[in-house]
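The values are calculated or read from the model by the stated rules, or taken from the named source; none is laboratory data. Remember, it's a predicted structure, so these values are computed and weren't measured experimentally. For neighbour counting, all protein chains shown are included, and Cβ atoms are generated from backbone atoms with ideal geometry for every residue, glycine included.
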């Protein structure tokens with residue numbers, strides 16, 4: 001008499017829990033990557049309700065001691081225009097400069113940078129912190 005077992009062994013593997021884990025990791029890394037600033041010099045930015053989604057290609061920072069840096073490289077104040085010309089020549093003409101200015105810096109210093117951008121016909125965006 002041929003008796004068959006009613007218990008069959010399933011050789012398959014359920015991937016549903018693995019895909020859930022992968023999606024959760026993907027969401028985590030997407031959120032974390034948006035929080036990381038590519039240029040992490042400490043600057044106390046002014047607050048504003050307007051925000052831009054543009055990724056900075058060229059970032060100019062002016063800190064509390066009026067030290068200038070372009071893409072995280074400290075430069076002299078007089079070198080700003082020549083360094084920006086070199087950086088902007090590597091990019092398409094529609095790219096903008098993102099200006100990070102500490103709120104304690106005098107307005108005249110900020111206007112100097114804006115003047116350099118206007119002379120060279122570059123777009124410039126003033127970075128702010130959300131309210």
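Table: residues versus (1) touching a strand residue (DSSP E or B) at 6+ places or on another chain (Cβ under 7 Å); (2) at pLDDT 90 or above; (3) surrounded by 11 or more Cβ atoms within 10 Å (Cβ to Cβ).
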residue	(1), (2), (3)
24	no, yes, no
41	yes, no, yes
44	no, no, yes
53	no, no, no
59	yes, no, yes
65	no, no, no
72	no, no, yes
89	no, no, no
97	yes, no, yes
- Query: So which of 82, 14, 33 ends up being part of a helix (DSSP H, G or I), at pLDDT below 85 and over 12 Å from residue 127 (Cβ atoms)?
  - Reply: 33
- Message: For the condition more than 21 Å from the chain's Cα centre (by Cα), surrounded by fewer than 16 Cβ atoms within 10 Å (Cβ to Cβ) and either closer than 17 Å to residue 127 by Cβ or modelled with pLDDT of 85 or more (or both), what is the one hit in 111, 105?
- Response: 111
- Item | Residues located in the range 101-121, provided they are touching a strand residue (DSSP E or B) at 6+ places or on another chain (Cβ under 6 Å) and more than 13 Å from residue 66 (Cβ to Cβ) | 117
